[in-house]
Amino acid sequence: MMKLVLASRNQKKMKEMNDILSGMGVEVCLQADVGIDIDVEETGTTFEENSRLKAQTVMEASGLPAIADDSGLCVDALNGAPGVYSARYGGEGLDDAGRYRMLLANMPKGQPRTAKFVSVITCCFPNGNVLTARGECPGTIAFAPMGEGGFGYDPVFFLPKLKKTFAQLTAEEKNAISHRGRALEAFQAKLEEYLK
C-alpha cells in the first residue's frame, strides 16, 4: 500500500481521491494525519504552479510523497475568473454560498454562461520525481443554486447534457465526469507507469 499525503485539510477532496485511487493500492491521507499543519501560500498564477507549490512543500515537510490538487472555476463571461482565486473569490469573509452568490451577481446580463472547472494534480516524490495531470469539465453557470451535494461552486455549475448541477449528482456520477475525476484518471495512468 502506497501512502500519499494530501496537501489539504479538505476531507471531501481526500474522499474523492481515495474513491478513485484506492483500487490501485494507493491510500491518500490528510497532512494532519502525518502531523503536518501548514498552509501553503498559493502565490502561483496558474493551477499548475499552485498545485506544485503545495505538493512540494508538504513532501519536504513530511518526507513522504505528497499529492496536491489546485482547482477552480473559469467563467468565460468573467474573462476566466475566478480561476486560481476560486477559493478566495470575494475575500476572506465569504463561505461557499457567499462566493457562488457573488459569482451569480457578477454574471453579465446577455452574455453566454459557459464555464469550465479545471483541476491540476501534482505528486512530488522525495526522490525528486514529479507527476502532473490536468482535467477539465465544461458546463454553464446556472441562474440559481440547485442541489445539496458537493462543495464550493457545485450548486451553480450546470451540466446541460445531464440537466443537473454538480450538487445534484451522486458522488459516483460526479467522479465519472468531474474535472478532478478526469485529472485523477490521467494521474492514475501516469502513476501506474511510474510504479512499474
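The values are calculated or read from the model by the stated rules, or taken from the named source; none is laboratory data. None of the values given here were measured: they were computed from a predicted structure. A quick note on method: Cβ atoms are made from the backbone with ideal geometry, for glycine too, and the neighbour counts reach across all protein chains shown. Keep in mind that these areas ignore ligands, DNA and RNA; they rest on the heavy atoms of the full protein, side chains included. Shrake-Rupley method; radii C 1.70, N 1.55, O 1.52, S 1.80 Å.
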Checking the condition out of contact with any strand residue (DSSP E or B) (no Cβ under 9 Å at 6 or more places or on another chain) and of a type outside the set (S, T, N, Q), which residue from A186, A167, A144 passes? A144
Going by the conditions given, is F187 aromatic (F, W, Y) and farther than 14 Å from S119 by Cα? no
Got a number for residues in the stretch 1-34 being open to solvent by 70 Å² or more (accessible area, probe 1.4 Å), out of contact with any strand residue (DSSP E or B) (no Cβ under 6 Å at 6 or more places or on another chain) and in a loop (DSSP other than H, G, I, E, B)? 1
Looking only at the stretch 150-164, filter to residues that are open to solvent by 30 Å² or more (accessible area, probe 1.4 Å) and either touching a residue at least 24 places away in the same chain (Cβ under 8 Å) or touching a strand residue (DSSP E or B) at 6+ places or on another chain (Cβ under 7 Å) (or both); which one of those is nearest to L104 (Cα to Cα)? F158
Which of the residues spanning the stretch 44-69 are assigned to a strand (DSSP E or B) and modelled with pLDDT of 95 or more? A66, I67, A68
Which of the residues belonging to the stretch 61-84 are touching a residue at least 60 places away in the same chain (Cβ under 8 Å) and surrounded by fewer than 17 Cβ atoms within 10 Å (Cβ to Cβ)? G63
Looking at the stretch 182-194, can you tell me whether even one residue there is outside any helix (DSSP H, G or I) and open to solvent by less than 70 Å² (accessible area, probe 1.4 Å)? no
Do you know which of the residues in the stretch 140-149 that are in contact with a helix residue (DSSP H, G or I) (Cβ under 9 Å, 6 or more places away or on another chain) and either acidic (D, E) or without any contact (Cβ under 8 Å) to a residue 40 or more places away in the chain (or both) is surrounded by the fewest Cβ atoms within 10 Å (Cβ to Cβ)? E148
Restricting the first residue to the stretch 92-114 and requiring it to be modelled with pLDDT of 95 or more and open to solvent by 40 Å² or more (accessible area, probe 1.4 Å), which pairs with a second residue that is acidic (D, E) and not in a strand (DSSP E or B) meet a Cβ separation below 6 Å and a spacing of at least six or different chains? T114/D76
